[in-house]
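The values are calculated or read from the model by the stated rules, or taken from the named source; none is laboratory data. None of the values given here were measured: they were computed from a predicted structure. Counting neighbours? That spans all protein chains shown, and the Cβs are built from the backbone with ideal geometry, glycine included.
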Amino acid sequence: MADQSNESAARRNSQDHVVIFDTTLRDGEQSPGASMTLSEKLQVAEVLDQMGVNIIEAGFPIASNGDFEAVHEISKLMKNAVVCGLSRAQFKDIDRAGEALAPAHRSRIHTFISTSPLHMKYKLQMEPGAVLEAVTASVERARRYTDDVEWSAEDATRTDHDFLCRCVEAAIKAGATTINIPDTVGYTVPEEYHDLFKMLIEKVPGGEDVTFSTHCHNDLGLAVANSLAGVRAGARQIECTINGMGERAGNAALEEVVMGMDTRQDVLPYWTDVDPVFITKASRLVSAVSGFPVQYNKAIVGQNAFAHESGIHQDGMLKNNQTYEIMTPESVGLRESSLVMGKHSGRHAFKEKLKDLGYELGDNAFQEAFQRFKDLADKKKQVFDEDLIALVDDEVSSVNDLIKLTSLTVYAGTGGPQKATVTLEVNGKDETREASGDGPVDATFNAIRAIVPHEARLPLYQVMAVTEGTDAQAEVMVRLEHDGLTATGRSADTDTMVASARAYISALNGLIARREKASDISLQAI
């Protein structure tokens, strides 16, 4: 009887296993202002590998030398995950992806072409017959480099069903092992997406022998619901991103699809290889390196996700936390700690606290973070977890900056023009300028522009308190835009002006990195 039970469990495990395909480093990085440096991408990839993500889409190798290098280096680094490179249905794209993926212990080429009438007519300017030929040719080309080939029908949810079936059949015959049916523009709804998968799996010859995948955008706020609907219809791969990052309104959020299945096993009896304990760590890291803050009420990883202010809710929580929590904070990596941090705390306690918060820093980064912690502890009576998170995120995001703040002096008040004197380290050399402005923030930013001349526009400047009290750290977010490129910077400090300067500089560093990636132009060209 026990043997039969084990066999049944094995069959269930095999049939109900959902592969997690993370595209934070590719689709997520395409978010305006979300460009990451190579070292930041490697940090994110390592965390994804640790947490059990099955496939990491590391980039679009043909897009730039930076993307090629990222895919190539991540291919060397990954211990468990399959490394994937994206390519259009063009031989030069596929060859470039194959070259970038060469060091990987397991690799996948993900090739795509548009199949909707709208895209074929206006984007590709190709007839359906030519698209079908491109499907076969691209998959066959990719098979020269790897036997793990994924094919995607861009704008699948607005594609004629008969034509979509023909394209999927062609891809399978050519050797594709995964078929992705993306909701590229976030257009579909759960019932419709469910029926689309059912139709393809049942109707297309060979459909039962390949893995079908969801890839949903969140334009109507339905990306997670649509992804789970696809799984219920037979899809066994979900393409998603940390924090739901992605173009426009973003992608299906990894943390939401994973915890949705984990929490509701009664109606979603599927399982993944992702260890949810890493979710908070991954969320904070991606937020820090991308400069994209997580909204306070974001599911699973938002600051308020496990916060209870209502008296009725608090009363219920004190009696039994299951009254208002369907999962525990600890299950997603939010750990309670008995260590109270202050100015007398040493390096060992600081390191243990960072581990509890999901951070492991290299020696240099740790020493710099510890010094900033000691400086902060001298200014604040009590250092909260949120203060440490803001401090370390700031350190992680600035570790490879070309421009760094050395010093800032501000003159402000009602008695005269506001002035700022700023010293920046630019490519290892200190430069100092003084400037005036309409308020201390404007003066500070003008002084920075005097040192690093540029014409970037400032569409966003936002200040928030990290914790309560007059000694709270101010967290500042700055977004810069220039020639269609955007970058977001974030920093925290008990001095709002210092946080503002660092956030502006962080955004400027991001814009420089993004511009160099786009067109290989130098710092001076900004």
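Observations on the model:
- Single match in Glu57, Glu133, Glu73, Glu40 (criterion: farther than 22 Å from Asp148 by Cα and among the acidic types (Asp, Glu)): Glu40
- Here the range 281-317 is the region considered, the condition is being at pLDDT 90 or above and either in a loop (DSSP other than H, G, I, E, B) or among the polar types (S, T, N, Q) (or both), and the residue that is surrounded by the fewest Cβ atoms within 10 Å (Cβ to Cβ) is Ala299.
- Here Glu29, Glu73, Glu57 are screened, and the one residue that is surrounded by fewer than 22 Cβ atoms within 10 Å (Cβ to Cβ), in contact (Cβ under 8 Å) with a residue 24 or more places away in the chain and either in contact with a Leu (Cβ under 7 Å, 6 or more places away or on another chain) or closer than 16 Å to Glu239 by Cα (or both) is Glu73.
- Scanning the range 408-422 for residues that are surrounded by fewer than 16 Cβ atoms within 10 Å (Cβ to Cβ) and within 36 Å of the chain's Cα centre (by Cα) turns up just one, Thr409.
- Verdict on Val392 being crowded, with 21+ Cβ neighbours inside 10 Å, in contact with a Gly (Cβ under 8 Å, 6 or more places away or on another chain) and either among the charged types (D, E, K, R) or at pLDDT 70 or above (or both): no
- Verdict on Val44 being of a type in the set (Val, Ile, Thr), farther than 25 Å from Glu256 by Cβ and assigned to a helix (DSSP H, G or I): no
- Total residues in the range 356-371 satisfying the condition of being more than 17 Å from Ala288 (Cα to Cα) and either among the charged types (D, E, K, R) or touching a strand residue (DSSP E or B) at 6+ places or on another chain (Cβ under 7 Å) (or both): the figure is 2.
- Selection status of Ser138, polar (S, T, N, Q), over 21 Å from Ala174 (Cα atoms) and buried (at least 16 other Cβ atoms within 10 Å of the Cβ): no
- Cβ-Cβ distances below 7 Å connect the following pairs, each with a first residue in the range 368-379 that is farther than 14 Å from Leu354 by Cα, a second residue that is assigned to a helix (DSSP H, G or I) and of a type outside the set (Lys, Arg), and a separation of six or more residues or different chains: Leu376/Asp387; Leu376/Leu391.
- Of residues in the range 60-70 being within 16 Å of Gln90 (Cβ to Cβ) and in contact with a Gly (Cβ under 8 Å, 6 or more places away or on another chain), the one surrounded by the most Cβ atoms within 10 Å (Cβ to Cβ): Pro61
- Within the range 462-489, tally of residues that are more than 22 Å from Arg514 (Cβ to Cβ) and touching a Lys or Arg at 6+ places or on another chain (Cβ under 6 Å): 1
- Here Ala249 meets each of (1) under 15 Å from the mean Cα position of the chain (by Cα); (2) surrounded by 21 or more Cβ atoms within 10 Å (Cβ to Cβ) with one exception, condition (2).
- Just so you know, in the range 47-72 the residues that are outside any loop (DSSP other than H, G, I, E, B) and among the β-branched types (Val, Ile, Thr) include one that is farthest from His17 (Cα to Cα), and it is Val71.
- Per-region count, the range 262-291, residues aromatic (Phe, Trp, Tyr) and under 30 Å from Met36 (Cα atoms): 1
- If only residues of the range 142-199 that are among the aromatic types (Phe, Trp, Tyr) and under 22 Å from Leu220 (Cα atoms) are counted, the one that is surrounded by the most Cβ atoms within 10 Å (Cβ to Cβ) is Tyr193.
- Just one of the listed residues (Ala233, Ala252, Ala282) is more than 30 Å from Leu485 (Cα to Cα) and small (Gly, Ala, Ser), namely Ala233.
- Neighbours by Cβ (under 9 Å, 6+ apart or cross-chain): first from the range 187-204, of a type in the set (D, E, K, R); second modelled with pLDDT under 95: Glu202/Glu208
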